[in-house]
Amino acid sequence: VASVDSGVDYTHPDLQSNIWINQGEIPLFVSELGDYDVNGDGLMDADELLAMYVEHFNDDLNDDGSINLRDFVHESSPFVDGIDGDGNGYTDDLLGYDVAGFSSLGNDADNDPYPREGSILNGNWAHGTHVAGILGATTNNGLGIASAAFDVSIIPVKTAADEEGEAYGITGGFAGILYAAKAGF
């Protein structure tokens, strides 16, 4: 399912295991590091990819105090190679995409669909994470809620921008829906 909204805190403990991983954007070197497909489904899910990263890189690239999925989209990440690995027109979209273009990297579309920094716990910027939880929070993990769907992948698509300080608005709604459709959601 796609959360086409204000971004998704894909590091949230009730969401992380169900975050979609774009298999076409996983660099080839990952297969050379070993077989991390623990569940044997032929795909690398978020937990498997994170386990591989911790074992081989173990680097908190964004200095947030923990090694998590945000390190995969950091500009210094070995997963950010500037190549559109799956040929879908979106470079390095490993976890989803920010079509609105508001990020710490500037005002261009980018590979990080995380909500606006420092505001994911309240206000409009928490909306996408809240919706993603309703759609696909991990079931039976003793945290938060059980979602409306069971065992789904959530693709975070950020379509909200902040151009004037606290102004909030959907600026990439159509582009976000189009991105999700191209990804197969």
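Things worth noting here:
- Contacts under 6 angstrom Cβ, first residue in region 84-103 being closer than 12 Å to LYS158 by Cβ and without any contact (Cβ under 8 Å) to a residue 24 or more places away in the chain, partner open to solvent by less than 20 Å² (accessible area, probe 1.4 Å) and not small (Gly, Ala, Ser), 6 or more apart: SER103/ASP110
Rundown of residues vs (1) within 13 Å of the chain's Cα centre (by Cα); (2) over 24 Å from THR171 (Cβ atoms); (3) not acidic (Asp, Glu), yes/no style:
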{"position": "ALA2", "(1), (2), (3)": "yes, no, yes"}
{"position": "ILE19", "(1), (2), (3)": "yes, no, yes"}
{"position": "TYR36", "(1), (2), (3)": "no, yes, yes"}
{"position": "GLY42", "(1), (2), (3)": "no, yes, yes"}
{"position": "ASP59", "(1), (2), (3)": "no, yes, no"}
{"position": "ASP64", "(1), (2), (3)": "no, yes, no"}
{"position": "GLU75", "(1), (2), (3)": "no, no, no"}
{"position": "ASP81", "(1), (2), (3)": "no, yes, no"}
{"position": "GLY87", "(1), (2), (3)": "no, yes, yes"}
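- Scope region 14-43; condition of a type in the set (Asp, Glu), under 24 Å from TYR97 (Cβ atoms) and open to solvent by 80 Å² or more (accessible area, probe 1.4 Å); matching residues: ASP41
- Annotation note: of PRO115, PRO156, the sole residue that is modelled with pLDDT of 90 or more, in contact with a helix residue (DSSP H, G or I) (Cβ under 9 Å, 6 or more places away or on another chain) and not hydroxyl-bearing (Ser, Thr, Tyr) is PRO156.
- Single residue of region 84-112 satisfying the filter (open to solvent by 20 Å² or more (accessible area, probe 1.4 Å) and more than 17 Å from LYS182 (Cβ to Cβ)) that is modelled with the highest pLDDT: ASP112
- Residue list for region 126-142, filter: over 10 Å from LEU15 (Cβ atoms) and of a type in the set (A, V, I, L, M): ALA126, VAL131, ILE134
- Scoring ALA51 on the criteria (1) crowded, with 17+ Cβ neighbours inside 10 Å; (2) at pLDDT 95 or above leaves a single failure, condition (1).
- Residue count for region 12-33 under the criterion of being without any contact (Cβ under 8 Å) to a residue 60 or more places away in the chain and outside any helix (DSSP H, G or I): the result is 3.
- Only one of the numbered conditions (1) out of contact with any His (no Cβ under 8 Å at 6 or more places or on another chain); (2) within 15 Å of PRO78 (Cα to Cα); (3) not small (Gly, Ala, Ser) is not met by ASP37, and that is (2).
The values are calculated or read from the model by the stated rules, or taken from the named source; none is laboratory data. What you see is a predicted model, and the numbers here were worked out from it, not measured in a lab. Please note: Cβ atoms are built from the backbone with ideal geometry, for glycine as well, and neighbour counts cover all protein chains shown. Remember, those area values only see protein heavy atoms, side chains included, never the ligands or the DNA or RNA. Shrake-Rupley method; radii C 1.70, N 1.55, O 1.52, S 1.80 Å.
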